[in-house]
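The values are calculated or read from the model by the stated rules, or taken from the named source; none is laboratory data. Not measured: the values here are computed from a predicted model. For neighbour counting, all protein chains shown are included, and Cβ atoms are generated from backbone atoms with ideal geometry for every residue, glycine included.
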Amino acid sequence: MNEISRLRWQCRRGMKELDVLLERFLQEHFSHAPATEQQAFADLLCLPDPVLLSYIMGRELPGNQEQRRVIASLRRTSRT
């Protein structure tokens, strides 16, 4: 399984809203993102759904700057 396929599988979450948002980001932004942001996205996919959703909803912020950039991109993606 290649990296994109593995990430696509990890985008499948327990919440449809997260599935759609994460898969859209992967499809539209991942390949153009710098390697540090790609890694941050992969790291975010390892988080539990409630934590990830809390970041996306703006209730909490990740401690990692690159993850914050990815979350900001995810939030922009959710508005389109």
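Table for the structure above
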| item | result |
| --- | --- |
| Residues that are closer than 23 Å to N2 by Cβ and of a type in the set (G, A, S), drawn from segment 22-80 | S31, A33, A35, A40, A42, S73 |
| Matching option when the condition is part of a loop (DSSP other than H, G, I, E, B) and under 12 Å from the mean Cα position of the chain (by Cα), among L26, L74, L47 | L47 |
| When residues of segment 32-79 are limited to those that are closer than 15 Å to C11 by Cα and either of a type in the set (G, A, S) or touching a His at 6+ places or on another chain (Cβ under 6 Å) (or both), the one modelled with the lowest pLDDT | S78 |
| Those residues of segment 61-80 which are surrounded by 14 or more Cβ atoms within 10 Å (Cβ to Cβ) and touching a helix residue (DSSP H, G or I) at 6+ places or on another chain (Cβ under 8 Å), in sequence order | P62, N64, E66, Q67, R69, V70, I71, S73, L74, R75, T77, S78 |
